[in-house]
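Have a look at the structure below before the remarks.
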Amino acid sequence: MKTLLIHDVTLRDGSHAVGHQLSLEQFCAYARAADEAGVHVVEVGHGNGLGASSLQLGESAVADEQLLVAARESLTRSRLGVHVIPGFATINQDLRRAIEIGVDVVRVASHCTEADITERHISFVREAGKEVYGVLMMSHMASPHTLLDEARKMELYGAEGVIIMDSAGAYLPGDVTERISTLVDGLGIPVGFHAHNNLGLAVGNSLAAVDAGAY
C-alpha cells in the first residue's frame, strides 16, 4: 500500500465555520494533538490563507505572525503549512515573513482557470528552499483537460505537486476519478485532492482520488 501525504487543514479551512475566531489557545491545543498523532502537515491560518484577514473576508482573532510563531513552537514532528492566494498574500509582507518564522510547506492557490497568477509565489517559495504545491480551487468549474492545462503551468513554475479542490462539494466519486486520472497521466509530479462534504461524499471522494492515483 502506498504512503499518503496527509495535510490537516482544520486550523485553516475549518476556521470558516467559526468566522475565523479560533483563539490562540485553541490553535495550539489542536496543533499539539495533531503533532502527537503524527499528522504529516498541519496547515494554519485565516480560512482564506495568509494576508486574508480583512473587513471584506472577516478579521481573524489572531494575527498571522502571532499564530505562525505559536504553531511553530507547538509542532515537533509535523510540518507547518500555510495556504496562499495571490492577491491576498504578498511575497514581501506575508510569504517572506512566514518562511522566516519557519513554515515548511506552502500551498499556492488560484481559481481553477487562473493558474497564471501563481507563478511568482510558487517560484519564490521554491527558491527559498521550501516545499511548494499548486492548488486549483473550484475545480468543478473546469473540464478535466482544462484542469490538466492549468496544472501543467504550476508544474512549469516549480510546484512539487498539484492539488485539486472540490471547493463547492459538488463531486461524485466518478467525477473525482476522471479528474485525478487525467492529471496523474498528464503530469510528472504528484497529484492531491481536497474534498468538501456538502453531499456527504468527502470520504468516498477521497478514497476515489487515492484509487485513481492521488497521494
In the stretch 26-42, anything assigned to a helix (DSSP H, G or I), over 18 Å from the mean Cα position of the chain (by Cα) and of a type in the set (Gly, Ala, Ser) is listed as ALA29, ALA33, ALA37
Can you confirm whether the stretch 115-135 contains a residue that is more than 16 Å from the chain's Cα centre (by Cα), part of a loop (DSSP other than H, G, I, E, B) and closer than 21 Å to GLY87 by Cα? yes
Within the stretch 44-73, the residues that are part of a loop (DSSP other than H, G, I, E, B), in contact (Cβ under 8 Å) with a residue 12 or more places away in the chain and among the small types (Gly, Ala, Ser) are GLY45, GLY47, GLY49, GLY51, ALA52, SER53, SER60, ALA61
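Taking the stretch 71-100, which residues are over 27 Å from ALA115 (Cβ atoms) and surrounded by fewer than 18 Cβ atoms within 10 Å (Cβ to Cβ)? Explain how you work it out, then say what you get.
Going through the stretch 71-100, the residues over 27 Å from ALA115 (Cβ atoms) turn out to be 71-78.
Within the stretch 71-100, ARG72, GLU73, THR76, ARG77 qualify.
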In the stretch 142-190, what residues are under 19 Å from HIS83 (Cα atoms), hydrophobic (A, V, I, L, M, F, W, C) and touching a helix residue (DSSP H, G or I) at 6+ places or on another chain (Cβ under 7 Å)? ALA151, MET154, ALA159, VAL162, ILE164, MET165, ALA168
Selection over the stretch 77-93 where residues are touching a helix residue (DSSP H, G or I) at 6+ places or on another chain (Cβ under 6 Å) and in a loop (DSSP other than H, G, I, E, B) yields a count of 2
Residue set SER167, SER123, SER143; condition closer than 30 Å to GLU73 by Cβ, of a type in the set (S, T, N, Q) and without any contact (Cβ under 8 Å) to a residue 40 or more places away in the chain; output residue SER123
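All of the numbers you see were taken from the coordinates with simple rules; none came from a lab. As the structure is a computational prediction, the values presented were derived from the model and not from experiment. Glycine also receives a Cβ, built like all others from the backbone with ideal geometry; neighbour counts cover every protein chain displayed.
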